[in-house]
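Q: The structure follows.
The values are calculated or read from the model by the stated rules, or taken from the named source; none is laboratory data. Fair warning: this is a prediction, and the values are worked out from it, not measured in the lab. Cβ atoms come from the backbone with ideal geometry, glycine included; neighbour counts cover every protein chain shown. What goes into the accessible areas is simple: the full protein's heavy atoms, side chains included, and nothing from ligands, DNA or RNA. Shrake-Rupley method; radii C 1.70, N 1.55, O 1.52, S 1.80 Å.
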Amino acid sequence: MSGEVSAFGALVDGLRRTLDVHLAEKANPPKVKRARKPRFQLSVSRLPEILREQLPDWAELALIAGRENGRDVRWIGTADCRSETMIWSSFEDDALELLERAGGHPNTADIALRIAGDLAGEPTPAWEYVTVDLNLPITSVHLFDGWQLASINRTDDPNLPISYGGSMGDLWAPDLLHDRGFGALRRPRSARRLDEAAAGENDLIWPLLTLNLLDIPSVRAFTAYLVEPGRRVLCPDGGIREGYLPSEVKLWHPQPLTILPRKPHILDQATANRLGRYATEMGSRLAALSVGDRRILAHATGHHLYLAYHEGPKQPKLDGSYVAFRRIVTLEALLANTDSDHEAIGRKISQRAAVLAGQDDHSRLAVRDLIKSAYSVRSAFAHGSGRTRQVDHAILTSTVKIIMRRWLALAASHGAKRVAALLDDALLSTTVRDGLMCEIAEHESRAGIQ
């Protein structure tokens, strides 16, 4: 019959009535004879009792609705009292959590729908979440390729799970990281992978690179987990509900959970407002790279992110020569092209970097001298010599970020091999140099880079 209410609809309606009665009793507590408190009290409210009154056949409805929606409801049982106790506890925790988040005027119909969906609703596509030591003053920002940076604001973001359950195992559970203020990179699990043909599953590298080319402290990724939006943390591949470490993260640090900062960096409002614009431009440039050039950038980025994970609090101070070595290897990956003359590589990289990062003659000479000094340190480290020149690592880091951003802008249009040739030509031709600087200026204007 067309007017017949489905099992799921009846479950939602019963949960809504339960919440309405609970709120009414909370506003006007019934006068009851004071009873002796039980020695052990599992429930913290009268919600389970009200649900039994409003919807006596709740378990049967949940089983029917779950089967109709393809949900695994084997754990809902009326014969096993322990299973039923789990349901009461889960329902009560979820309801109280959502009511508290809703504030003074909760929409009980919406809350009932979320709880029923978590219990017996049709499964929805999962999202990947990766905790990062960066947060936002706003709910979320769209980046590219399906990725978002989210602040994990449980009050304002209906896509977050109702609660974070699960065991810690040998990893930090996601809720403990979020309680510290960690944000998350997230996207639909079915999202198109930017580098499917280039590097398989290794695509967390791109949003993390994008954030690490901003003029902010290093951003690191840690525990990852799966979420059914608005409902629950999922058990990946039959495992327990906890986080796992993405394989890319293990390449940058073998034990990243030992370097967790006390607090994450929080973007200021102005930077957060510009982030979407910047990330959209970076994503368009990444998508325009050829497969081979994306491999080149991935190789350079691996060195850049390695240093991001090995510098900062809770880390033994890296030897300055080793840091310079890694920075120069990053630039070599991008700017050395196919040059095989080892004596000339240092000079060519210094000159190409100067054209990319410099704004005028004075700054170009300064960049050239900086990279030459770093290259001297890199060569001394590689060959075991103790005689090195001093390098300002803060300026070197900032300069490498600028070079990586600008290389990406040009390589997306010309290809990596052609970029190296254009940078060489720009040393002798102001016309070529002005043309490259015009391209870079347009890219940085679209990205909102000052």
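Q: Could you compute the FRET efficiency for residue 395 and residue 247, with r as their C-beta to C-beta distance and R0 at 25 Å, rounded to 0.05?
A: Calculated transfer efficiency: 0.15.
Q: Multiply the residue gap between residue 5 and residue 347 by 0.36 nm, knock off their C-alpha separation, and tell me the result in nm, one decimal place.
A: So the extension gain works out to 115.4 nm.
Q: Of 317/401; 250/372; 317/372, which ones are farther than 29 Å apart at the Cα?
A: Check vs 29 Å cut-off fails for 250/372.
Q: Residue separation times 0.36 nm, minus the C-alpha to C-alpha distance between residue 288 and residue 427: what's the value?
A: 47.4 nm
Q: What nm value, rounded to one decimal, do you get for the distance between residue 280 and residue 180 when each label is placed 7 Å out toward the C-beta?
A: It is 3.3 nm.
Q: Among residues other than residue 448 whose Cβ falls under 11 Å from its Cβ, what is the net charge (Lys/Arg +1, Asp/Glu -1)? The partial results should precede the final answer.
A: Working: positive: 274, 277, 446; negative: 281, 444.
That works out to +1.
Q: Please compute the modelled spin-label separation between residue 216 and residue 189, points set 7 Å along Cα→Cβ, answer in nm with one decimal.
A: It works out to 2.8 nm between the two label points.
Q: Rounded to the nearest 10 Å², what accessible area does residue 250 have for a 1.4 Å probe in the complete protein model?
A: Number for this one is 110 Å².
Q: Here is a further query. Using a Förster radius of 60 Å, what is the FRET efficiency between residue 57 and residue 442 based on their Cβ-Cβ separation? Nearest 0.05, please.
A: The formula returns an efficiency of 0.35 here.
Q: Tally Lys and Arg at +1 and Asp and Glu at -1 over the other residues with C-beta under 12 Å from the C-beta of residue 280: what net charge comes out?
A: +2
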